[in-house]
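Trainee: Submitted below is the structure of interest, expressed as structure tokens.
No value in this document is a laboratory result; all are computed from the given coordinates. Computed from a predicted structure; not experimentally measured. Cβ placement follows ideal geometry from the backbone for every residue including glycine, while neighbour counts extend to all protein chains displayed.
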């Protein structure tokens, strides 16, 4: 059996992965900080300052609430995160006095946003430190803290670096290995995730060339797609269609979705047909997406040659995606 000391050494990380989020080692007086309640006593709550490498601070009972209280446990609990303001800092003795009651409600959102960004940056740098076997404080010294001189927050810089890494990383003294690892992590974590927009509608045209009119109208609408926004129109059950818009920008995606419906309306009405929107364009969640895929698969399996579904409203049965694949 291995000695306990050797076992502990094996469990230790190869490099240091602990570091404060900001260059200064201690917070400033009047600064808002995010803390986690570590221990509750009769006189107050001992906390960890999450942005300052978990150094200890204390919220006195009188600084927890403006209301008269008899028990700290009624106001907070161990493990809970709180936003507090710094009252006093004694760097020599390591004392940090904090207050919860003096935090203005309109200051909470700003602190929460800063903490979330800082936490995300720390997570990225921690991953790079593990991958490249680099002390995380060195990564802060060479990457994160210098970026505060050029950007409001390193997180904002990382977001820009997804598409323009040279402008962001220019001048930073980092190795090729660290640069490649950093860019890989931020592209995986911070690249905008595409969203999907769905709309259901029916298209009918009982003119002599009704089938071709529907096909032309749908093709004209899908032509509005761009490199950044994809448009797909699938037949569910004649004359019902579903439109799917895949985009990164929510506003641009919704704008194009409405333009697609407007284009179909214009085209089909000019040919004597009509469009009726059954479901207005709306954003899809993961569960909605899976439900739609199941519906399309079910309807596709039902449309076998010679089936009643295929024979019904034959002149309307145009699947634009299938037509594009054939061409």
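Trainee: Mind running the shape call on the stretch 32-103? Use the C-alpha gyration tensor, a ≥ b ≥ c as the square roots of the eigenvalues: rounded below 1.5 for a/c, prolate if a/b tops b/c, oblate otherwise.
Mentor: prolate
Trainee: Using 0.36 nm per residue of separation minus the Cα-Cα distance, give me the extension gain between residue 227 and residue 36 in nm, one decimal.
Mentor: Extending this stretch completely gives an extra 64.2 nm.
Trainee: On to the next question. Just grab the label-to-label distance for residue 92 and residue 188, each label 7 Å out from Cα along the Cβ direction, in nm (one decimal).
Mentor: 4.8 nm
Trainee: Measuring from centroid to centroid over Cα atoms, what is the spacing of the stretch 76-91 and the stretch 178-230 in Å?
Mentor: After rounding, the separation between the Cα centres reads 48 Å.
Trainee: Compute the FRET efficiency between residue 107 and residue 249 as 1/(1 + (r/R0)^6), taking r as their Cβ-Cβ distance and R0 = 35 Å, and round to the nearest 0.05.
Mentor: In this case the efficiency is close to 0.70.
Trainee: Quick check: pseudo-label points 7 Å beyond the Cα along Cα→Cβ at residue 60 and residue 237, how many nm apart are they?
Mentor: In this crude spin-label approximation the distance works out to 7.2 nm.
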